[in-house]
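First comes the structure, then the notes that go with it.
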Amino acid sequence: MNKKSEVSKGLRSLLSNIEKTNNPVERSQLVKELTNSIALISPELIEVNPFQPRTEFDADQLMELARSIKTSGLIQPITVRALGGNKYQLISGERRLRASKMAGIREIPAYIRVANDQEMLEMALVENIQRADLNAVEIAISYQRLMDECNLTHEALSERVGKDRSTVTNYVRLLKLPAQIQASVKEGILSMGHARALAGIENIALQLKIFKEALDLGLSVRAVEQLIKSYAATKPGNSASTITEIHPEIRKIKDQLGSLLGTKIDIKRDQKGKGSITILFNSDSELNKITEILLKDN
């Protein structure tokens, strides 16, 4: 077994100590250290959770993610549970795991969980978010971990971290950006404002085009927003670079619904006022969270 494929000695020691101690204070500290540590693990050592509800993945999107990972690496670590014997079970990130295997990546970054430490994990993650040195992508990853691993909705998460729901949603949206853009935010090359503006573009090719222009020309956030508007105004017929202009009130409703449900909302409306609302989700878990929000008063 290649030693690089194993968890580092420090992390192995943490896992061993957590298993041995029954002291709540000591165990809490060990879990906190483990929560903020990232291990490099061979994808071959990770088994998929048999109770994972999601079984189908879009082949084209997986291939696109695999290409991105091969070029820029995996920005958002997966989360696994230690099973012992150098084996792990996936908790969240099956799409990233599959794409990493497709890309031929030998080791991928992962957070390691131990069983029955849900409350301590949540406290450790919330505490970690309060750190002043985190960049926007790291905050977004922590938010996503809280939702995935602690089964929190955007609304519940906003209460835990003391932030508006819209703020939480804006951060999490950054994780849908291409890896190159996320990496620039992590390195401090691009600001949260720039990334937030780019996240509003649905077309990846146009996202990357404007991203490159912003870097090459040193554009401000306001300049990037104007550039996005100019592309929408001057190239409405080009499918590779089209941004759909919608009425400001419809945009407001779309943003409010997206913030409430913690997902992307698509609203189509004709001049007579007829239309449809589409709620997008990426997994059964997200669907369940959306359903809970919609039916919570019934």
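None of the figures in this text is laboratory data; all of them are computed from the coordinates on show. Here the structure is a predicted model, which is why all the values come from computation and not from measurement. Cβ atoms come from the backbone with ideal geometry, glycine included; neighbour counts cover every protein chain shown.
One table, with the values for the structure above:
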{"item": "Label-point separation in nm, Lys186 to Asp164, each point 7 Å along Cα→Cβ", "result": "2.9 nm"}
{"item": "Cβ-Cβ FRET estimate between Thr71 and Leu294, R0 fixed at 41 Å, reported to 0.05", "result": "0.60"}
{"item": "Three-way shape label, region 172-233, alpha-carbon gyration tensor, a/c 1.5", "result": "oblate"}
{"item": "Theoretical FRET efficiency, 1/(1+(r/R0)^6), r = Cβ-Cβ of Glu127 and Ala232, R0 41 Å, to 0.05", "result": "0.50"}
{"item": "Nearest-0.05 FRET efficiency for Asn86 and Lys268, computed from C-beta distance (R0 45 Å)", "result": "0.35"}
{"item": "Leu215 paired with Gln61, simple spin-label distance in nm, labels 7 Å along Cα-to-beta-carbon", "result": "2.5 nm"}
